[in-house]
Amino acid sequence: MRALLSLMLLTVSLPGCQLAKSQAHAVNVTTVDSITPITKPNFDTEIKPIFQARCQPCHFQGGKVYDKTPFDKAETITRPGTKLFTRIKDEKEQRLIREFLDQPAAP
């Protein structure tokens, strides 16, 4: 008798488990779909001004290392890596630069 009762309970509860699992998956998919993609910081308006304030005159037009590592071009700041932070100590500025470097280039 117990075995029959257990079998009936299992049979009744199994579809409910499957329904709950599919509903949970639907909620996760909806949540993921509604997340706004992170936009890459703009080089000219957000990143370049940091370098202008911290790395002038050396890495800008007329500076002594401008020919090797110009910081007025987005493509050349990817080469130095963490050496970029030699003169940039502010954590917010470092975070913004890292976000710029970590995001893939726009298509």
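Return a whole-number percent for the relative contact order of the range 36-93, with Cα pairs under 8 Å and 6 or more residues apart as the contact set. Don't skip to the answer; put the middle values down first.
Working: 35 pairs, mean separation 13.7, N = 58.
Relative CO of the range 36-93 lands at 24 percent.
Tell me, what ³J(HN,Hα) does each residue in the range 44-57 have, in order and in whole Hz, if you take phi through Karplus 6.51 cos²θ - 1.76 cosθ + 1.60 with θ = phi - 60° and put x for Gly and Pro?
The phi angles translate into 5, 9, 10, 8, 4, x, 5, 5, 4, 6, 9, 10, 7, x Hz.
By how many nm would the segment from K73 to N42 grow when fully extended, if each residue of separation counts as 0.36 nm and the alpha-carbon distance is taken off? Can you show the working numbers first?
Working: separation 31, 0.36 × 31 = 11.16 nm, distance 1.20 nm.
Roughly 10.0 nm would be gained on extension.
Coordinate-derived values only; no laboratory data. This one's a predicted model, so the numbers in the text were calculated from it and none came from an experiment.
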